[in-house]
Amino acid sequence: MAPLLAPYNSAMRLGSGFNSYTHELCLDDAVKKGTGSPPKLSDGEGVAQSVVFKTSVIDKMSDITDALNISGALTIKYNNLIDGTGKGSFINSNKIKDADINFLISVKVINQTVTDNALTEFAPIDNLPAEKFTEVYGDTFISGFQEGGEFNAVISIKVKDKNQVENIKADAAVALTTPSFGSEKPKAENTETYAVAPNDQNNEQGNEQQGGNEAGEETKKKEDGADSPTGLAIKGNAEVEKNLQDLFQENETTVSVSYSGGGQDLKKRTFSFVTLDKDTNKATLADDDWNVKNMRAAALRFPALVAKTPVRTNAVLTKYTALRSFHTQKKDKNNKEAVPLSYENASVYTSILEDAFLDYKNIYKEIRLSEGDLASGKKEFEASTAKESTGKENTSKESTGKESTYSGRSIYNSRHACANNAESDGTRKDATPQAHIATEPFAPTLAGFESAKCYIRRNMNLIVREVDEIKKNPDRASEDRPLPCQSPIIFKQYLPVPKEPSKPTV
C-alpha cells in the first residue's frame, strides 16, 4: 500500500493528529514516543533520488489539485486552490476555465523519506466521547516527512480560431511532450583540401585525389540527405520548433510556474543573458521570461539542484489503527469503542463536488463582468432560448429517435426519482422545484443577473454543507443519490446571452 501523504507546511509536528480528508491539523501530541529506534538521517554523501517527470493535458480543475495533492475538501471549504503551503496560489482558475487547451508539466523529486519509528504510544483523552474522536484526533497522525522538491508549470492556451482547436491541440501535444525527434546532430562534412603540384604528373594525381574527394562528398550528402534518418530528424525537429513558435505567437498563452527546492539558481543558471547598463557601463546577468523551452530546461535541471538544496515537501501520515497502544485504549467511559473514520472512498465523489464548485465560482465571475458591461452600455443581452420540458416529453422524444432538449429540472427530477423511487416526472407535492434548481431563463436585466447570483450562492452553500456531512459520515460519498446541487453546465444554459450587434442601416 502506498504511503499516505499530505503537502508539508511549517505548522506540522511529528505526532500531531491530522485529518487526511480535509488536510486539517488536529490535536498536538496525539502520539508520543515510546521505545522505538530514532530515525536515521542521510549523511549527505550521494543521494538516491526518486524522480517523476510528467507532461499531461488538463481536462478539469480537479486534475491539477490531484497532481498537486491538494485536498478537494480544503479547496471547497476555503474557496480557493491554496493549501497550507500556498502551493496552489500560482494557478489562475479563470484562465484555465477560459482556455481551450491546458497542459501541466510536473517534476516531483524525493531525496529521502524520514519516519520516526519511536512514535508508538497513543495519548488518549479521558472521558472523550467516541463519536468525537475523529473531530479531535483526525484519522491519522504525522509520523515523518519527505525531503526533495517539486516543480509545477501550467500552460493555458486560448485559441483565436475556434475551428482549429483540435488541430492546434494535437500540434501542442507533440510540441510540449516531444522534446526532440533526433538525439544527435549530423556530423560535419569532410572539409579537407588537397594541394596541386606544378608539374603535369602531379596535376593528374592531384585531380584524381580531388575527384575522389568530390565523390566522397556526394556520398556523404546522400547519407545525410533529406530522406536519411538524420535528415528526417532535423526536419522533424524544425517542424516541431516552427509549430511551437506559431502556437504561442498566434494565440493567447498564460504560463504559471511554481517550484520548491533547488535553491535560487534554477532559473538563473538555466537561461540567463547579459545586459549592459548604460549609466554604469557594467554588464549584468538578467533572467529571461518563462516559456516552453525555459520550463523544459529548468525541469530537466531541477533534480540535480534539489540534490544539493532539498526542502520538506510532504508529511507522511500513519493511521491510528496501525498502533498497538491505540487498540488497548480506544474505549470511552461508556465502554464504547472510538473508531477513526475512513475516507478512502470519498475522494472520487469529492472531486466531482470540487469541479462543480469551481465551475459555479467561474460562472459567478462571468456574471459580474456581464453586469458591468450591461450597466456601462458596452453590451446588450437577451434571454436564453433554453426551454423547460418534462421528463415524459424527453422520454418520448428519445424513443422516437428525435433530438431531445434536457432542462435542469427534468434531469434533476429523473435522477431524484432514480435515487428515491419518486414519480418519473420528479415534481414535488406542490409541483415546484427546489429553491436552488433553475428551471426558467433569467431576465436579461441587472435584476436577472442578481437572481442568477443568488441561485449560484445556494448551490455553492449546498456543496460546502455536503463536504461537512462527508467529514462526519464518509459512507455518504458511496451512497446512490443525486448531487446536492444543480449541474453547472445546465444552469449556465439559463443565463442571458449577449446580443449580436445590429447591422447598420444604409
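Between Asp265 and Leu300, with labels modelled 7 Å along Cα→Cβ, what's the label distance in nm to one decimal, could you check?
Going from the Asp265 label point to the Leu300 one covers 1.9 nm.
Rounded to the nearest 10 Å², what accessible area does Leu300 have for a 1.4 Å probe in the complete protein model?
Using a 1.4 Å probe on the heavy atoms, I get roughly 120 Å².
Given R₀ = 56 Å, FRET efficiency for Ile352-Lys33 by Cβ-Cβ distance, to 0.05?
Efficiency for this residue pair is about 0.85.
Quickly rank 357-363, 304-310 as a protection proxy: mean count of other C-beta atoms within 10 Å, highest first.
In descending order of packing, they fall as 357-363, 304-310.
Over 30 Å between Cα atoms: which of Lys108/Lys453; Lys77/Lys379; Lys336/Lys471; Lys453/Lys499; Lys319/Lys365; Lys97/Lys319 fall into that group?
Beyond 30 Å between Cα atoms: Lys108/Lys453; Lys77/Lys379; Lys319/Lys365; Lys97/Lys319.
Of the peptides 55-68, 131-144, how do they stack up when ordered by the mean number of other Cβ atoms within 10 Å, highest first?
With the highest mean Cβ count within 10 Å placed first, the list reads 131-144, 55-68.
What order do you get for 292-298, 151-157 when each peptide is scored by the mean count of other beta carbon atoms within 10 Å, highest first?
151-157, 292-298
Glu344 versus Arg457, label points 7 Å from Cα toward the beta carbon: distance in nm?
Here the answer is 4.2 nm between the modelled labels.
What are the ³J(HN,Hα) values, in whole Hz, obtained from phi via the Karplus relation 6.51 cos²θ - 1.76 cosθ + 1.60 with θ = phi - 60°, for each residue of region 63-70 in sequence order, with x given for Gly and Pro?
Each residue's phi maps through the Karplus curve to give 4, 6, 5, 5, 5, 8, 6, 8 Hz.
Each residue of region 456-462 in turn: what ³J(HN,Hα) in whole Hz from Karplus with 6.51, -1.76, 1.60 and θ = phi - 60°, glycine and Pro shown as x?
Once θ is set to phi - 60°, the couplings for region 456-462 become 5, 4, 4, 5, 5, 5, 5 Hz.
Let a ≥ b ≥ c be the square roots of the eigenvalues of the Cα gyration tensor of region 95-168; is it rounded (a/c under 1.5), or, if not, prolate (a/b larger than b/c) or oblate?
Oblate shape, in that a/c is at least 1.5 and b/c is the bigger or equal ratio.
If amide H atoms are built 1.01 Å from N in the plane of the peptide, which residues on other chains or at least 5 residues away come under 5 Å of the amide H of Val316?
Those lying under 5 Å, H to H, from Val316 are Ser143, Gly144, Phe145, Gln146.
Rounded to the nearest 0.05, what FRET efficiency is calculated for Tyr364 and Glu440 with R0 set to 22 Å and r the Cβ-Cβ distance?
So the FRET efficiency works out to roughly 0.70.
How far apart, in nanometres, would the label points at Arg324 and Lys378 be if each is projected 7 angstrom from Cα along the Cα-to-Cβ direction?
Those two pseudo-labels are separated by 6.9 nm.
Please list, in chain and number order, the residues 5+ apart from Ser384 or on another chain whose amide H is under 5 Å from its amide H, with Hs placed from the backbone.
Phe442, Val497
With a Förster radius of 30 Å, plug the Cβ-Cβ distance of Glu166 and Asp66 into 1/(1 + (r/R0)^6) and report the FRET value to the nearest 0.05.
The value I calculate is 0.75.
The values are calculated or read from the model by the stated rules, or taken from the named source; none is laboratory data. The model shown is predicted, which means the values in this text are computed figures rather than measured ones. Note that we place each Cβ from the backbone using ideal geometry, even for glycine, and neighbour counts take in every protein chain shown. Note: areas computed on protein heavy atoms with side chains; ligands, DNA, RNA excluded. Shrake-Rupley method; radii C 1.70, N 1.55, O 1.52, S 1.80 Å.
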